[in-house]
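Please treat every number below as a calculation from the coordinates, not as lab data. Note that the coordinates shown come from a computational prediction; the quantities given were computed from them, not determined experimentally. Methodologically, a virtual Cβ is constructed for each residue, glycine included, from the backbone with ideal geometry; neighbour enumeration extends over all protein chains shown.
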Amino acid sequence: MKSKFNSKSLAKSQSNTSNIWNEYYASQEAGNWVGNQYPTEPLIRYISNLRKSPTNKMEYFNDTGRELKLKKNYKGQALEIGFGTLANLIFLKDKGFSCKGLEVSIDSVNRSKKYLKQNKIKNIKTFLWEKSPIIPFPSKSFDLVVGLQCVYYNLNFKLFVSEIKRVLKPNGKFFFSFFSNKHDYIKYIDIVDKKKNLVKWNKKHPNKRIRGSVLFQPKNKKHLSTLFKDFKNKRIFTYEFDQIPMFQSWWYISGNK
Ligand SMILES: C[S@@+](CC[C@H](N)C(=O)[O-])C[C@H]1O[C@@H](n2cnc3c(N)ncnc32)[C@H](O)[C@@H]1O
């Protein structure tokens, strides 16, 4: 199968997609921050269980007398990619991490900076991500890198994964999410480049503001796992709910360097 995309068309789609997302935030109501007001539920569960075994049933419940110690006073450097709003970053900061956030949307970065300043929050710094997928931090900077409902907008996904490996400290952890093939959004895709697994939200997507943005869509869980083959202790799980008009079905992946 031949790929239609060369590096120039990839760069163009990457930049169009960033512009769509900037416009998405810029067109919204003025105020502190728009989008999610509260952290993503699977992230809360992942972080809160970091000191518990994710696989051993007996160990998982063996926390008597240590319930609070297991959940509080985390240490280390955390990076959130595509933070959009401050909800996840504030949660990570409250858990004890020193946090950095990257966003391709200048509007989102401006809103976050204003809020952090007004509320004198010191342990979170946010930055505009101008050259995704190159992460603008030195190698071995982070103990934790998270990216919820966003990392697939890095169209050269292989390069993105190698960047995650580069910026993580040895044993550093990551946590990312992807649309599962059952997610209602997948009904609204046009194929952009089959070989590169690139699709875009088509003209019928109910969320008009994101139509046209291009994303990397893994074929299945196995493909997702292969993409992160250079990491240890990988876990992939599905999280679904039908509480809102579009059925949500996500693949989450965690692991460490
Ligand atoms: C559905 S929102 C999710 C925001 C936030 N992570 C959350 O969980 O609430 C998608 C986010 O992806 C961001 N985005 C766009 N291009 C991106 C890229 N190349 N890498 C990471 N995030 C990107 C958008 O600006 C937007 O904030």
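Below, the figures for the structure above:
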| read-out | value |
| --- | --- |
| Global size of segment 154-248 as Cα Rg and Dmax, reported in angstrom | 14.8, 44 |
| At R0 = 22 Å, FRET efficiency that the Cβ-Cβ distance of Asn207 and Lys113 yields, to 0.05 | 0.25 |
| Segment 1-122: radius of gyration and largest Cα-Cα distance (Dmax), Å | 18.9, 59 |
| Long-range amide H partners of Lys125 with built H, under 5 Å | Cys99, Lys100, Gly101 |
| Residue-averaged 222 nm ellipticity for the chain, from DSSP H runs of 4+ at -39500 (n - 2.57), nearest 500 | -8500 deg cm²/dmol |
| Set Lys208/Lys257; Lys117/Lys257; Lys8/Lys158; Lys117/Lys169 screened for pairs whose C-alpha atoms are more than 26 Å apart | Lys208/Lys257; Lys117/Lys257; Lys117/Lys169 |
| √(5λ) per eigenvalue of the Cα gyration tensor, segment 59-185, largest first, Å | 24, 20, 16 |
| Neighbour net charge for Val151 - beta-carbon separation under 12 angstrom, K R +1, D E -1 | -2 |
| For the chain, share of DSSP beta bridges that run antiparallel, in % to the nearest 5 | 55 |
| Two-decimal Rg to Rh for segment 1-65 - Kirkwood Rh, Cα set | 1.27 |
| Cα-derived Rg to Rh of segment 74-117, Kirkwood definition | 0.96 |
| Vicinal HN-Hα couplings computed from phi for segment 125-141 (Karplus, 6.51 cos²θ - 1.76 cosθ + 1.60; Hz; Gly/Pro x) | 10, 10, 9, 6, 9, 8, 10, 4, x, 6, 8, x, 9, x, 4, 6, 8 |
| By average C-beta atoms within 10 angstrom, highest first, the peptides 156-165, 7-16 | 156-165, 7-16 |
| Mean projected area (nm²) of the alpha-carbon convex hull when the chain is viewed from all directions | 14.5 |
| Residue-count net charge about Ser139 - beta-carbon cut-off 13 Å; Lys, Arg +1, Asp, Glu -1 | +4 |
| Order by protection proxy (mean Cβ within 10 Å, highest first), peptides 200-206, 234-240 | 200-206, 234-240 |
